[in-house]
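Everything on this sheet refers to the single structure shown next.
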Amino acid sequence: MSTRLTLSLDAMGGDSAPQMVVEGVDIALARLPQVDFLLFGDEGRLAPLLDRFPRVKGVSQVRHTDSVVSNHEKPSVALRTGRNSSMGLAIGAVRAGEAAGLVSAGNTGALMAMAMFALKMLPGIDRPAIATYFPTRRGESVMLDLGANVECDADNLVQFAVMGEVFARNVLGLEQPSIGILNVGAEGLKGNEAVKNAAATLQRTDLPISFYGFVEGDDIGAGTVDVVVTDGFTGNIALKTAEGTAMLFGQFLKEALSASPLARLGGLLARSALKASRVTRPSRTPPPPALQLSLPSPWSPSTRSRRR
């Protein structure tokens, strides 16, 4: 008998909330039928949406609030005034032990500030980091930080490396993920003091981790390492650059396949191959998780094999 898992959702977070949130829950239920949801938001807007998604309604509990943290609100203001907002109440449910984790597509800075204040950090971790999956030639890699910390010292980077390694083992199912620090070159003499000192620490650590060394921007897509570590400023730019390049590639491809009747015929013939391609249909498209707030975690994905 499988154990039920409860997640807390900021139902009003994001540009298209709450419809986007309810639709997302419906998609999640197809993959994770053992999950229940606490939805925090405007009950008047959520009720008709839940009527349209009876499967979601059957595993969800709505807790009303008409207070919302806007996308333009400063984290400091949200921390002072957002306790009873949909985001604040969703975080509070985790703190109270009613939920094992929370999801919000709202104001990232506010979410980080409020979660750090309410949930605290794990021992030995100074700052949370935003992480996501990256498609690579070898499968998938994890990259962090993606914007939570614009400035980082060597200790922060070492902590990110440990968090990313644990995440890759438990979520990607890798037995011994390799770790690399993003730098302007692979040579040991290159880079600022933060990356050089972090690399030196990881090289001599007694922790059972596999440190590869420095990696460059083109190593991200190549899958040279399983975990790419960087500061939030660099990581966010790298992520947005990759997103923009992918969108540009998609636009060029669309224009090329619609340039003439013959091109359109070729596009029609290639449609099935394009749909099956990892370029146009990645294996997963998750929201970036925040690591490492002090969250209870009774559920962990089963280990999956990975082809090399």
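Table: residues versus (1) of a type in the set (A, V, I, L, M); (2) farther than 18 Å from M20 by Cα.
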residue	(1), (2)
Q61	no, no
H72	no, yes
S76	no, yes
A110	yes, yes
With the condition kept exactly as written, say whether any residue in the stretch 241-261 is among the charged types (D, E, K, R), within 23 Å of the chain's Cα centre (by Cα) and under 18 Å from F160 (Cβ atoms).
no
Quick one: would you say V150 is touching a residue at least 60 places away in the same chain (Cβ under 8 Å), part of a loop (DSSP other than H, G, I, E, B) and of a type in the set (V, I, T)?
yes
Hey, could you check the stretch 4-39 for residues that are more than 17 Å from D66 (Cβ to Cβ) and of a type in the set (G, A, S) and say which is surrounded by the fewest Cβ atoms within 10 Å (Cβ to Cβ)?
A30
Selection within the stretch 167-177 - part of a helix (DSSP H, G or I), in contact (Cβ under 8 Å) with a residue 12 or more places away in the chain and surrounded by fewer than 23 Cβ atoms within 10 Å (Cβ to Cβ)
F167, N170, V171
Return the total of residues in the stretch 129-147 being closer than 22 Å to Q203 by Cα and not in a loop (DSSP other than H, G, I, E, B).
5
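For the condition exposed (fewer than 15 other Cβ atoms within 10 Å of the Cβ), farther than 22 Å from L5 by Cβ, among the hydroxyl-bearing types (S, T, Y) and assigned by TED's automatic domain parsing to the domain that holds M112, what is the one hit in T81, T65?
Numbers: T65 fails: exposed (fewer than 15 other Cβ atoms within 10 Å of the Cβ).
One residue alone meets the criteria, T81.
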Out of curiosity, is V184 under 23 Å from A148 (Cα atoms), touching a Lys or Arg at 6+ places or on another chain (Cβ under 6 Å), of a type in the set (A, V, I, L, M) and surrounded by fewer than 23 Cβ atoms within 10 Å (Cβ to Cβ)?
yes
Matching residues, the stretch 199-245, being surrounded by fewer than 19 Cβ atoms within 10 Å (Cβ to Cβ), over 23 Å from R138 (Cα atoms) and in contact with a Phe, Trp or Tyr (Cβ under 9 Å, 6 or more places away or on another chain):
Q203, T205
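The values are calculated or read from the model by the stated rules, or taken from the named source; none is laboratory data. The structure displayed is predicted, hence computed values, not measured ones. Every residue, glycine as well, gets a Cβ built from its backbone with ideal geometry; the counts of neighbours run over all protein chains shown.
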